[in-house]
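Asks: Would you mind keeping the following structure in view while I ask a few things?
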């Protein structure tokens, strides 16, 4: 069973690439003595990856910066919409 977004087959490749990166950059370089030590290292790696890792697929910006840009663009688009775009029209209106 695949846990990827519908109509987004590339999402499986994205997570597989992340797993390869964490394996190459963390697991192949460190031998962890305890589960707690490995959990901390994984958490630190994910935080660094999201904040500092420049990804070619995102135009050489970090995942956090890409998400921030997405939210800014979404807000700009929503701010530019006219109020009538937000009116919910019922198909049952006026029927008896």
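Asks: Which of the three applies to segment 10-86, rounded, prolate or oblate, going by the alpha-carbon gyration tensor with a ≥ b ≥ c and a/c under 1.5 meaning rounded?
Replies: Numbers: a/c = 3.26, a/b = 2.63, b/c = 1.24.
Here segment 10-86 falls in the prolate category.
Asks: While we're looking at this one, here's another question. Counting other beta carbons within 10 Å of each Cβ, put 38, 74 in order, fewest first.
Replies: 74, 38
Asks: Follow-up. Would you kindly state how much longer the chain becomes between residue 31 and residue 61 on full extension, computed as 0.36 nm times their sequence separation minus their alpha carbon distance, in nm to one decimal?
Replies: Computed gain between residue 31 and residue 61 is 7.8 nm.
Coordinate-derived values only; no laboratory data. This one's a predicted model, so the numbers in the text were calculated from it and none came from an experiment. With ideal geometry, Cβ positions are generated from the backbone for all residues, glycine too; neighbour counts draw on all protein chains shown.
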